[in-house]
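The values are calculated or read from the model by the stated rules, or taken from the named source; none is laboratory data. Just so we're clear, the structure is a prediction, and the values are computed from it rather than from any experiment. Cβ sites come from the backbone with ideal geometry, for glycine too, and all protein chains shown count toward neighbours.
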Amino acid sequence: MKALQFAGQILSAIWRHKYIWIIILFIIVAVFIDDNGFMARYRLEAENAATVEEIKAYEARYAADSARLSQLKTDPAAVVRVARENHQMKSPDEDVYYIVSPDSAATN
């Protein structure tokens, strides 16, 4: 019987402060549960900040590549340098020797 009275007192206290409980429930739903809540907004803001940083990195890379492309279009010496360094090309009157270490030969 005491347990039933205790439960009645708890329900009476909850019913007496029903507006406070509704406000607390609303805050819990708005912050944690809802898809458009504050936690989701915070997550989207963090993702947006990461995307903005990635865009800045791509823009910097684009600017560097554009400058290099401009240099390759205007300077024949730059084209020769890229051909020699990246594509192992040589002029007809020269010999090129590659020194290969045993470690790199084993991995290739």
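Listed residues Lys2, Lys56; which is of a type in the set (Lys, Arg) and modelled with pLDDT under 85? Going through Lys2, Lys56 in turn, just one is of a type in the set (Lys, Arg) and modelled with pLDDT under 85: Lys2. Residues of region 44-69 that are within 30 Å of Leu25 (Cβ to Cβ) and surrounded by 11 or more Cβ atoms within 10 Å (Cβ to Cβ): Leu44 alone.
Restricting attention to helices (runs of 4 or more DSSP H) lying wholly within region 1-87, give those where 1 or more residues are among the hydroxyl-bearing types (Ser, Thr, Tyr).
On the way: elements: 2-16, 18-28, 38-74, 76-87.
By residue number, 2-16, 18-28, 38-74.
Being more than 26 Å from the chain's Cα centre (by Cα), polar (S, T, N, Q) and surrounded by 10 or more Cβ atoms within 10 Å (Cβ to Cβ), is that true of even one residue in region 70-87?
Our first condition is that a residue be more than 26 Å from the chain's Cα centre (by Cα); within region 70-87, this holds for 70-87.
Next cut, polar (S, T, N, Q) only: 70-71, 74, 86.
In the following step, the residues that additionally are surrounded by 10 or more Cβ atoms within 10 Å (Cβ to Cβ) were identified as 70-71.
So far as region 70-87 goes, yes, one or more of its residues are more than 26 Å from the chain's Cα centre (by Cα), polar (S, T, N, Q) and surrounded by 10 or more Cβ atoms within 10 Å (Cβ to Cβ).
Do we have any residue at all in region 33-52 that's of a type in the set (Phe, Trp, Tyr) and at pLDDT below 85? It would help to see each step written out before you state the result.
Of region 33-52, the ones of a type in the set (Phe, Trp, Tyr) are 38, 42.
Then keep just the ones that are at pLDDT below 85; that gives 38.
Yes: region 33-52 contains one or more residues that are of a type in the set (Phe, Trp, Tyr) and at pLDDT below 85.
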